1. Within segment 132-150, is even one residue exposed (fewer than 13 other Cβ atoms within 10 Å of the Cβ) and assigned to a loop (DSSP other than H, G, I, E, B)?
2. Could you please find all residues in segment 37-58 being open to solvent by 90 Å² or more (accessible area, probe 1.4 Å) and closer than 14 Å to Leu99 by Cα?
3. Read through the list (1) over 18 Å from His101 (Cβ atoms); (2) surrounded by 10 or more Cβ atoms within 10 Å (Cβ to Cβ); (3) not polar (S, T, N, Q), then give the number of the only condition that Trp65 fails.
4. Could you please find all residues in segment 45-95 being under 14 Å from the mean Cα position of the chain (by Cα) and among the hydroxyl-bearing types (Ser, Thr, Tyr)?
5. Quick one: in segment 1-15, of everything that is out of contact with any helix residue (DSSP H, G or I) (no Cβ under 6 Å at 6 or more places or on another chain) and surrounded by 10 or more Cβ atoms within 10 Å (Cβ to Cβ), which residue is modelled with the lowest pLDDT?
Amino acid sequence: TLEDVSEEPGLFMKIVSFIKWAMFIKSLIAQGLTILVGCIYPSYGCFKAIKSNDKEEQVRWLTYWIVYGVYSLVEFLAWPIFRYVPFYFEIKLALLIVLLHPRTDGAARIYRKFLKPSLDAAEKQIDDGLVQADSKVGPHMGKVADKVKEQLDKTIPDDLKKAQ
């Protein structure tokens, strides 16, 4: 009974510790599922869409990645708040399923209703900002890319290069 637990503090602490560990394990499983559903499955879907050359499927997957990218940015910025939301990863998993499932067409709906109008309105400013950033950072990134390519060429065996 509750009275027995309150009389023995050690037992109470064991129960609290067990609950904390159970919640931690549940959270790890939910996080793993969100990665599986939110990234691994869509990546494979993109692979299949590219391979099939089906333009409709390619647009569907590109739309998902646009919405997912915006969601990831919002999640990053709001994480100090989201981390305290109970069952956050379960809610996120449900949202990802809504975004992905063809019956709900969630990603396309969010894209058409919210993101496309916003991106259309800000397209010129975004493009101008990207051109400006590229003029400042681009030359340096080119040097970094050349060095990385040089190291990859040294590291990757010729057999693997042929397989690509």
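The values are calculated or read from the model by the stated rules, or taken from the named source; none is laboratory data. Owing to the predicted nature of the structure, the values given are computational and were not obtained by experimental measurement. Ideal geometry is used to build each Cβ from the backbone, glycine not excepted, and the neighbour counts take in all protein chains shown. Protein only, heavy atoms only, side chains kept; ligands, DNA and RNA dropped before computing areas. Shrake-Rupley method; radii C 1.70, N 1.55, O 1.52, S 1.80 Å.
1. Within segment 132-150, not a single residue is exposed (fewer than 13 other Cβ atoms within 10 Å of the Cβ) and assigned to a loop (DSSP other than H, G, I, E, B).
2. Tyr41
3. The failed condition is (1).
4. Listed by number, the residues that qualify are Thr63, Tyr64, Tyr68, Tyr71, Ser72.
5. Looking at residues that are out of contact with any helix residue (DSSP H, G or I) (no Cβ under 6 Å at 6 or more places or on another chain) and surrounded by 10 or more Cβ atoms within 10 Å (Cβ to Cβ), I get Ser6.
Listed here are the residues, each with its yes/no results for (1) modelled with pLDDT of 95 or more; (2) exposed (fewer than 10 other Cβ atoms within 10 Å of the Cβ).
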residue: Val74; (1), (2): yes, no
residue: Pro80; (1), (2): yes, yes
residue: Val85; (1), (2): no, no
residue: Tyr88; (1), (2): no, no
residue: Ala94; (1), (2): yes, no
residue: Lys116; (1), (2): yes, no
